[in-house]
1. At 7 Å along Cα-to-Cβ for each site, give me the label-to-label distance between ASP92 and ILE370 in nm.
2. Note down the accessible area of VAL72, probe 1.4 Å, to the nearest 10 Å².
3. Ranked from the most accessible area to the least, with a 1.4 Å probe and all protein chains present, what is the order of GLU354, GLU220, GLU215, GLU81?
4. Roughly how many nanometres apart are two label points built 7 Å out from the Cα toward the Cβ at ASP392 and PHE296?
5. For the chain, state what percent of all Cα-Cα pairs lands in each successive 10 Å bin, counting from 0 Å until the bin that includes the largest distance.
6. Counting other Cβ atoms within 10 Å, keep those with at most 14, restrict to DSSP loop, and tell me which trypsin sites (Lys or Arg not before Pro) in the stretch 267-327 are left.
7. When we measure straight from the Cα of LYS167, which lysines land under 28 angstrom away, once same-chain ones fewer than 8 places off are left out?
8. Distances longer than 15 Å among the Cα atoms of the stretch 254-348: what percent of all pairs is that?
Amino acid sequence: MSAIIIVGTQWGDEGKGKATDLLADQVDYVVRYQGGNNAGHTIIVGDTTLKLHLVPSGVMYPDVTPVIGDGVVLDPGVLLEELDGLVAQGIDVSRLKISGNAHLIMPYHREMDAVTERYLGKQKLGTTKRGIGPTYADKAARVGLRVQDLYDMKIFRQKLDAVLREKNAILTRVYNRLPMKAADIETEYAVYAERLQPYICNTMQLLHEGMERGETVLLEGAQGTMLDLDHGTYPFVTSSNPVSGGALSGSGLGPKDITSVIGITKAYVTRVGTGPFPTELFDADGEKIARIGHEFGTTTGRARRVGWFDAVVARYAGRVNGLTEHFLTKLDVLSDFETLKVCRAYEYQGEEYEHFPDDFQTAIHKSTPIYEELPGWKEDITHCERWDDLPDNAKRYVEHLEQLMDVPIRWVSVGPARRQTLERTI
Ligand code: GDP
Ligand code: IMO
Ligand code: MG
């Protein structure tokens, strides 16, 4: 009986899609446990490039059951479009299972996401405008509509009428927008209900029964530790819990089911949207990493901010997620540097910190990274097939990160394709 959690250790886009896809080969279920279509995972298999937002990254394997868990917020129109796209690429999506407990993203959530960002002006979060925050807010306020509500249109309409009264008042009176009509939304969602029906089930029960038969589960987080609602750089975060704790509440598994927690860690750091980022680069090195690493968002196409590797963030992710190992990605992107910088600690108010100071919120804005400089390898590593094939300086870079993080690095990714992954014995 085993369940593995995969979690991003930075601000998202660490390469979770690639790692999940690779490891999905060894499991029976791949479960998305939080977030929604704010996520964007690019997976490359042979000549096929998949861009996934909601569908779990194990969908390519015929023996894997992809599951959208209880903790996800789901935009049905977007999901159906994604499923149609996958079918057009020849992928069988019929095994997909969706939890009836997942919350529905509604048209007013998308609208609220857009208008509140506009109203925040300079203080905006830079959200993906997919309605994620407003949907989770309604979930917490207990006025959300869930996937299971789609299957009793009378209840659906009752709940919708109640919530829309308040939403329309806010949209028209506060934000000067047009009101939305319940009947239009009902008609639209009734069509989604019919198409989604074959996929809906009690996913928590499905997973437990599978595990009782000896089957294995991979829990795939979206976003990353520093975007976690409770543990990230609040308020510049997403509205769910990407950390490993969120994998339990978002799937219905318990702590004793978990056998390992794999941190997906980029060999440098990126961030999309606003918020603090201590090792951010504003120079030619940053531009070079962004260019070679194609650092543009899969979901919004926005340029990602880029910075050197940050061991303070990595240690924090190690603790908050209980990481057992790391999957290091995009090492190949750093191949063309004479030297590489790595942040080993922060300087804050004249003191040195290997872990975030107590006043995390202020400290992360005001800390200066203390860098170490390591020699580069100046050699293409994308063809390497084994750890031993790597140039010595590339090995030294990886070993150094491992030492700084104090959690073993088991996989090293040297390109976007499945086969461009080196496994180490740890
Ligand atoms: P996710 O959101 O964590 O799944 O990451 P994204 O898919 O948004 O962004 C990671 C990008 O890097 C994708 O385009 C991947 O195809 C690509 N990628 C993943 N691993 C590697 C790697 O080791 N090297 C290179 N060059 N690209 C990678
Ligand atoms: P994956 O799964 C990177 C960021 C947004 C914004 C903040 C809040 O591909 O790693 P939201 O729309 O969630 O309310 O926006 O979170 N963000 C991501 N950044 N990768 C993601 O997902 C992200 N999902 C949300 O840019 O700063
Ligand atoms: Mg992404």
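1. Between ASP92 and ILE370, the label points sit 5.7 nm apart.
2. My reading of the accessible area for VAL72 is about 0 Å².
3. Details: GLU354 100, GLU220 0, GLU215 45, GLU81 140 Å².
Descending order: GLU81, GLU354, GLU215, GLU220.
4. 4.0
5. 5, 22, 31, 25, 13, 4, 0
6. Numbers: sites: ARG271, LYS288, ARG291, ARG302, ARG304, ARG305, ARG315, ARG319; in loops: ARG302, ARG304.
Here the trypsin sites (Lys or Arg not before Pro) that fit, given the DSSP loop and packing criteria, are ARG302.
7. Result set, ordered by chain and number: LYS122, LYS124, LYS129, LYS139, LYS154, LYS159, LYS181.
8. When every Cα pair of the stretch 254-348 is considered, 65 percent fall beyond 15 Å.
The values are calculated or read from the model by the stated rules, or taken from the named source; none is laboratory data. Every value quoted in this text rests on a predicted model; they were computed, and no experiment measured them. No Cβ is skipped: glycine too gets one built from the backbone with ideal geometry, and neighbour counts run over all protein chains shown. What goes into the accessible areas is simple: the full protein's heavy atoms, side chains included, and nothing from ligands, DNA or RNA. Shrake-Rupley method; radii C 1.70, N 1.55, O 1.52, S 1.80 Å.
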